[in-house]
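First the structure, in the form of structure tokens, and then the observations on it.
Please treat every number below as a calculation from the coordinates, not as lab data. Computed from a predicted structure; not experimentally measured. Cβ coordinates were reconstructed from backbone atoms using ideal geometry, including for glycine residues, and neighbour counts include every protein chain displayed.
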């Protein structure tokens with residue numbers, strides 16, 4: 001019996017050593033949760049916990065690996081976009097989403113699809129993204145309602161581009177409701193989003209002949225921009241000018257010519273003030289507003305005012321083209337074309353021909369360097385010369401040869417029809 005007692009004592013001593021060894025190992029390991037289980041529970045519980053932690057560790061490693069792969073493919077997609085390799089970029093985005101369909105990845109991919117005109121796929125990804133964000137917004141609206149609204153805004157633009165006007169309207173209006181609610185607590189952050197959505201809605205309403213609603217949205221947007229411009233005029237005065245321009249177009253559509261002129265004039269004043277401190281950026285905006293104002297004057301037979309505004313716009317575009325001809329030479333040509341029409345209407349044929357020849361020379365140069373963009377424009381200019389200014393009919397042959405490269409394009413087909421009619425005369 002004494003032998004047995006001694007054996008038990010020896011076993012206990014050994015076990016104590018083994019237990020101490022395990023404790024030391026756990027203390028020096030990463031298994032923090034197991035330490036607590038070891039001190040309070042049985043060995044079986046520790047083994048169970050260890051097994052579970054191993055599974056979790058493997059899952060964590062796998063999850064991290066998946067996320068790393070997704071990030072790699074997202075980066076690859078963005079690099080391919082820079083290289084204009086859009087089909088490859090699309091495939092890279094698809095691979096990224098196989099590994100991780102997180103919100104940022106869905107946001108990137110939906111925007112890419114939208115910019116590349118993949119309407120159906122973009123709509124599906126936006127809908128998935130919107131669903132994920134709505135779930136998050138239920139528990140944390142202060143953080144995620146802005147993302148919901150932003151996604152709705154993008155989705156509305158997508159619907160608008162594809163003539164799904166009712167869906168676009170509903171998405172914009174829901175976005176506006178969300179932004180208004182956010183702006184009540186944080187107007188400095190969200191008032192710009194409110195006004196952006198109002199402007200988008202105004203354009204949509206105008207396109208659908210809801211002119212009263214369009215005007216109301218523009219006026220509300222303008223009121224907000226004016227308030228925002230008090231603290232940040234450099235940013236918001238130009239945006240106010242854009243809204244004034246939209247409002248002027250609405251007034252012109254409704255034959256409210258005095259109101260249209262006043263809106264254009266106010267926009268012109270704002271842009272001229274901005275151009276004093278930053279002419280390279282805002283002189284183009286000044287020229288654009290002058291051109292719009294000239295069109296208004298011309299439509300109302302105020303030909304002298306129209307000419308003065310067109311000439312001022314042309315002067316600004318010429319100056320801009322000296323430093324950046326690739327961007328502004330087409331603007332110079334367009335301004336010259338406006339003068340061609342004005343001079344022709346006033347029977348000032350010498351002036352009209354001089355402006356036309358200069359515009360044609362510019363369009364030839366532009367079409368030579370970028371035929372896909374300017375080929376149809378050059379053909380149109382050649383046809384206009386024959387129609388308005390009795391230029392040589394051989395210009396029609398040249399225009400027809402150019403337009404053969406654009407068969408199937410609606411504008412090209414329309415111009416070919418004009419050539420056919422002019423050739424009969």
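Numbers at a glance
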read-out: Alpha-carbon Rg with Dmax, taken over segment 370-425, Å; value: 10.3, 32
read-out: Proxy reagent accessibility, fewest Cβ within 10 Å first, across 356, 73; value: 73, 356
read-out: Separation of alpha-carbon centers, segment 367-425 and segment 290-312, rounded to whole Å; value: 27
read-out: Segment residue 166-residue 94, extension gain: residue separation times 0.36 nm, minus the distance between their alpha carbons; value: 22.9 nm
read-out: Anisotropy class of segment 150-271 from Cα gyration tensor, a/c 1.5 cut; value: oblate
read-out: For segment 279-359, alpha-carbon Rg over 2.2 N^0.38 Å; value: 1.05
read-out: Burial ranking of peptide ranges 275-283, 217-225 (average Cβ count within 10 Å, highest at the top); value: 217-225, 275-283
read-out: FRET E, pair residue 368, residue 341, Förster distance 22 Å, beta-carbon r, rounded to 0.05; value: 0.35
read-out: Calculated P(r) tail over 18 Å for segment 198-258, as whole % of Cα pairs; value: 33
read-out: Nearest-0.05 FRET efficiency for residue 119 and residue 324, computed from C-beta distance (R0 51 Å); value: 0.90
read-out: Contact order normalised by residue count of segment 188-277, Cα under 8 Å, 6+ apart, percent; value: 23
read-out: Net length gained if the chain between residue 111 and residue 254 were fully extended (0.36 nm per residue, minus Cα distance); value: 47.9 nm
read-out: At R0 = 51 Å, FRET efficiency that the Cβ-Cβ distance of residue 424 and residue 211 yields, to 0.05; value: 0.80
read-out: Per-residue Cβ neighbour rank within 10 angstrom, fewest leading, 421, 308, 215; value: 421, 308, 215
